[in-house]
Amino acid sequence: MVCCVRRNNYVILHRFCYKYTIMKNKRERLKVVSEILKFQVIGSQEELLKQLRKRGFEITQATLSRDLKALKVAKTPLSNGMYKYVLPPQIMPISDELASHNFTSHGAVLSLDFSGHLAIVKTRPGYASAIAWDIDNRATDEVLGTIAGDDTVLLIPREGVSRDKIIKVINHIFQEKN
């Protein structure tokens, strides 16, 4: 029979002492892994395990590997020949204001997201060129240009134009469609 006694944040099992940590749920752990990968350059699971341990998560490498798979984390090369873990791009739904407009109510624009200073507009297949044309011709003061594929528009704002201003301009452009 194993005797277990808890004293001063330690669990004593027979002659071994283990630091007692509060079990944190998987959702919280995945959130912390995402935050670490967003704000730090992590090149190995060992580095990531160290960061998680600093935050109170005692997990195995196998669990971490499953977490990385669940988050769809990939390794990407850096310019110095090293690698780092990266999260997949997050596609954020368009704002309620933009979604309420007639143009988007037909489902042409699916999402608007930013990466640094650049914006990505996801559309239904075949709509990207028309949306890019509208942006290029109506937002000449705020947008330097766009590049359209079949269902994606890369929007390049002019220097000094904020994300909020781009969102307002996009909302204004598509509000006029009503």
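The values are calculated or read from the model by the stated rules, or taken from the named source; none is laboratory data. Note that the coordinates shown come from a computational prediction; the quantities given were computed from them, not determined experimentally. Virtual Cβ from ideal backbone geometry, glycine too; neighbours counted across all protein chains shown.
Per the listing Ile166, Ile173, the residue uniquely touching an Asp or Glu at 6+ places or on another chain (Cβ under 8 Å), at pLDDT below 85 and not in a strand (DSSP E or B) is Ile173.
In the set (1) in contact with a Pro (Cβ under 9 Å, 6 or more places away or on another chain); (2) under 18 Å from Ser115 (Cα atoms); (3) of a type outside the set (Lys, Arg); (4) surrounded by 15 or more Cβ atoms within 10 Å (Cβ to Cβ), Ala74 fails one condition alone, (4). The residues of segment 138-159 that are more than 16 Å from Ala128 (Cα to Cα), among the acidic types (Asp, Glu) and surrounded by fewer than 15 Cβ atoms within 10 Å (Cβ to Cβ), listed by number, are Asp141, Glu159.
Note on segment 113-133: residues that are modelled with pLDDT under 85 and surrounded by 16 or more Cβ atoms within 10 Å (Cβ to Cβ) amount to 2.
Within segment 51-70, the residues that satisfy the criterion of being under 21 Å from the mean Cα position of the chain (by Cα), surrounded by 16 or more Cβ atoms within 10 Å (Cβ to Cβ) and of a type in the set (A, V, I, L, M) are Leu52, Leu64, Leu68.
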